[in-house]
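Visitor: Before anything else, here's the structure in question.
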Amino acid sequence: MSDLTQYDNIISKLDETYSSGRANGNLLFFGSSVTTHSDGGVDFEIRLCPSLSHKPQVSKPVVSNPDGPFSPPYVPGLYVDRLKEEEEEYVVLMNKYCVVPNHFLLVTKEFKRQTAPLTPPDLAAAYNLMSAGRRQGKNFFMFYNCGPLSGSSQPHKHLQFMPIPEEGAPPIEKLAQRQRLEVDGKAFIIPSLPYAHHVFRLPAYRSRPLEEILDILTQAFISLLDLTFQLLRRLPTLPEGPPAYNVLLTFDHLHVIPRGRAEHTLSQGGLDVPVNALGFAGMLITKSEEEQGLLIEESPLAILGGVGLPVAEGESCSTVESSILDD
Ligand code: B4P
């Protein structure tokens, strides 16, 4: 059993690190406003963030740290703490370019690639951070952008944690919660979503010993990844580069969404809309009112369909995998 107090310590340091990071100029906050737009049963959160157009391009070389911002020396104002899960060491950093306060990152201490799948320690650390948040009345979900086509921009492995209101859930997660499953312990798809995806319903928070839940989470990830690769193998042409997919983790579900493209080109105006895992949580971001209008006109679900992969034939039913849960 890993040391859970390290997770509590990290969560309790977030507010202060966020405030001091902003005050000393190491953490840049971009103000935004949110509109809800319903599309195909999903209440999409469309965030308008004009100041994001002034954000520097992360592809530019960082003079202060040639190994990248997620390797030492860390910017002191963004560094929260380190932690260890099994044999894996991590650091927790505040997101430098923050749209939602307290958005933070879990970064591998040694350089690992962002094209690598999540490991059992990655998943355990994510679940433990979310649980520590819950113990302190702070709700987070985790997202992971795997591979260049998934919307990632940093090559060093990092999982991201997005705050959400207590009792709240990202819009597509709410749709997953509404699915009535005939059996537990099987991957399922949400029939109304027009892109390939697989979801696994996790045992309720604290309904089983932590070790058991973490084991189920690992088995669920392996099972969803296997389904993703089966789907990729059936495609007539593989998307370019290493396999790309997004992962979302809440207390109730694990979602894996394979990607075919990093951006969707809007049919009106030809603008390219980049989409990361947050898009598949039902949260899209735009930098201008014009872009926001065009995005809504195009339909958020069509945009997700444009950057995802087609649903495999025969996967229209809601459960798709053999059981991994012991009764
Ligand atoms: P990636 O996995 O590589 O990519 P990303 O989340 O899509 O963010 P990207 O970097 O492409 O930024 P974008 O303009 O799309 O994650 C890298 C993460 O590291 C990001 O969170 C990034 O901000 C952060 N980062 C980069 N350099 C850093 C440094 N030196 N130190 C610490 N952290 C660093 O989006 C800009 C911001 O808006 C991002 O924070 C993104 O997560 C957020 N965002 C995007 N869509 C959103 C939505 N729908 N709602 C709320 N926020 C949203």
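Values quoted throughout were computed directly from the atomic coordinates according to the rules given, and no laboratory measurement underlies them. As the structure is a computational prediction, the values presented were derived from the model and not from experiment. Using ideal geometry, Cβ is built from the backbone for each residue, glycine included, and neighbour counts are taken over all protein chains shown.
Visitor: Explain nothing, just compute: Karplus ³J(HN,Hα) = 6.51 cos²θ - 1.76 cosθ + 1.60, θ = phi - 60°, for every residue of region 214-230 in order, whole Hz, x for Gly and Pro.
Guide: After applying 6.51 cos²θ - 1.76 cosθ + 1.60, I find 5, 5, 5, 4, 5, 4, 5, 5, 4, 5, 5, 5, 4, 4, 4, 5, 4 Hz.
Visitor: For region 169-263, state which GluC sites (Glu not before Pro) are in a DSSP loop and have at most 15 other beta carbons lying within 10 Å of their beta carbon.
Guide: The qualifying sites are Glu182, Glu240.
Visitor: Where does each of Phe140, Phe111 land when they are ranked from fewest to most other beta-carbon atoms within 10 angstrom?
Guide: Final ranking by Cβ density, sparse to dense: Phe111, Phe140.
Visitor: Moving on. For region 43-130, which GluC sites (Glu not before Pro) are both in a DSSP coil and crowded by at most 13 other Cβ atoms within 10 Å? Display every interim value, and only then the final one.
Guide: Numbers: sites: Glu45, Glu85, Glu86, Glu87, Glu88, Glu89, Glu110; in loops: Glu86, Glu87, Glu110.
Hits after loop and neighbour filter: Glu86, Glu87, Glu110.
Visitor: With springs only between Cα atoms under 10 Å, which of Gln160, Gln114, Gln177 fluctuates most in a Gaussian network model of the chain?
Guide: Gln177
Visitor: Also, I was wondering about something else. So what is the relative contact order for the chain, in percent, with contacts set as C-alpha pairs under 8 Å and at least six apart?
Guide: 21
Visitor: OK, next. Could you quote the convex hull projected area for region 176-327, Cα atoms only and averaged over all directions, in nm²?
Guide: That works out to 10.2 nm².
Visitor: Further, regarding this structure: For region 67-156, what is the largest minus smallest coordinate of the Cα atoms on each principal axis, given in angstrom and ordered from greatest to least?
Guide: On the principal axes, region 67-156 reaches 34, 29, 25 Å in Cα extent.
Visitor: Let me ask another. Using only DSSP helix segments of four residues or longer, with each worth -39500 (n - 2.57), what per-residue ellipticity at 222 nm results for the chain after dividing by its residue count and rounding to 500?
Guide: The helix contribution divided over the chain gives -8500 deg cm²/dmol.
Visitor: Compute the Rg to Rh ratio over region 138-251 from the alpha carbon atoms, using the Kirkwood formula for Rh, and round to two decimal places.
Guide: 0.96
Visitor: So what's the net charge close to Thr237: Lys and Arg +1, Asp and Glu -1, counting the other residues with Cβ under 15 Å from its Cβ?
Guide: Computed value for this residue: +3.
Visitor: Further question on the same structure: Step through the table entries Lys109/Lys138; Lys55/Lys157; Lys84/Lys186, compare each Cα-Cα distance with 28 Å, and write down the pairs that go over it.
Guide: Long pairs (Cα-Cα over 28 Å): Lys84/Lys186.
Visitor: What area, in nm² and to one decimal, does the C-alpha convex hull of the chain cast on average over all directions?
Guide: Average projection, Cα convex hull of the chain: 16.3 nm².
Visitor: Still on this structure: When the chain is treated as a GNM, springs tying every alpha-carbon pair under 10 Å, which of Pro203, Pro121, Pro72 comes out with the largest mean-square fluctuation?
Guide: Comparing Pro203, Pro121, Pro72 in a Gaussian network model of the chain, the most mobile one is Pro72.
Visitor: Still on this structure, please answer the following. How long are the semi-axes of the ellipsoid equivalent to region 141-195, from square roots of 5 times the Cα gyration tensor eigenvalues, in whole Å, largest first?
Guide: Working from the Cα gyration tensor, I get semi-axes of 26, 16, 11 Å.
Visitor: Something else about it: Taking only the alpha carbons of region 121-163, what extent do you get along each of the three principal axes, in Å, biggest first?
Guide: 34, 21, 12
Visitor: Run the simple label-point estimate for Val100 and Asp215 please: 7 Å along Cα→C-beta, distance reported in nm.
Guide: 3.2
Visitor: Quote the convex hull volume per residue of region 1-134, based on C-alpha atoms, as a whole number of Å³.
Guide: Considering the Cα atoms of region 1-134, their hull volume per residue is 159 Å³.
Visitor: Top mean-square fluctuation among Asn145, Asn26, Asn65, Gaussian network model of the chain, C-alpha springs under 10 Å?
Guide: Asn65
Visitor: Scan the chain and hand back the longest stretch that contains none of the trypsin sites (Lys or Arg not before Pro) lying in DSSP loops with at most 13 other Cβ atoms within 10 Å.
Guide: Counting only loop sites that pass the neighbour cut-off, the longest clear stretch is 1-179.
Visitor: For Glu182 paired with Lys84, estimate the spin-label separation in nm (one decimal), with each label point 7 Å from Cα along the Cα-to-Cβ line.
Guide: For Glu182 paired with Lys84, the spin-label model returns 4.8 nm.
Visitor: Net charge near Val34: determine it from the other residues with C-beta under 9 Å of the C-beta of Val34, scoring Lys and Arg +1 and Asp and Glu -1.
Guide: The answer is 0.
Visitor: Can I ask one more? Amide H neighbours of His264 under 5 Å, counting only residues 5+ apart in sequence or on other chains, H built in-plane at 1.01 Å?
Guide: Placed amide hydrogens put Val273, Val275 under 5 Å from His264.
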